[in-house]
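Peer 1: Below is the structure I would like to discuss, written out as structure tokens.
The values are calculated or read from the model by the stated rules, or taken from the named source; none is laboratory data. Remember, it's a predicted structure, so these values are computed and weren't measured experimentally. The area values use the complete protein model at the heavy-atom level, side chains included, leaving out ligands, DNA and RNA. Shrake-Rupley method; radii C 1.70, N 1.55, O 1.52, S 1.80 Å.
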Amino acid sequence: MSYELLEKQIRALPEEALEEVSLYLDKVSSIYRAKKDIDFSFVDNIFGTLSDSEADELRACCGFKFKETA
């Protein structure tokens with residue numbers, strides 16, 4: 001979606017809706033900043049073994065896929 005299309009949609013909103021749009025954009029922005037700030041330093045120390053919760057976190061935030069072994 002282009003910025004021009006978003007701008008057109010925002011301009012079509014009533015003035016009172018702009019506060020809600022601003023709050024929503026702040027929330028989305030904070031979500032994406034948080035994803036960039038994740039500390040992956042633990043990966044260097046795990047020698048290829050993740051706990052179930054660590055694997056679930058990486059799947060959820062980064063879309064990683066893992067080969068699971070018994």
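Peer 1: Can you tell me which residue is most open to solvent (accessible area, probe 1.4 Å) among those in the range 1-44 that are of a type in the set (Lys, Arg) and more than 30 Å from Ala60 (Cα to Cα)?
Peer 2: Arg11
Peer 1: Just to be sure I understand, how many residues within the range 29-65 are within 20 Å of the chain's Cα centre (by Cα), modelled with pLDDT of 75 or more and in a loop (DSSP other than H, G, I, E, B)?
Peer 2: 3
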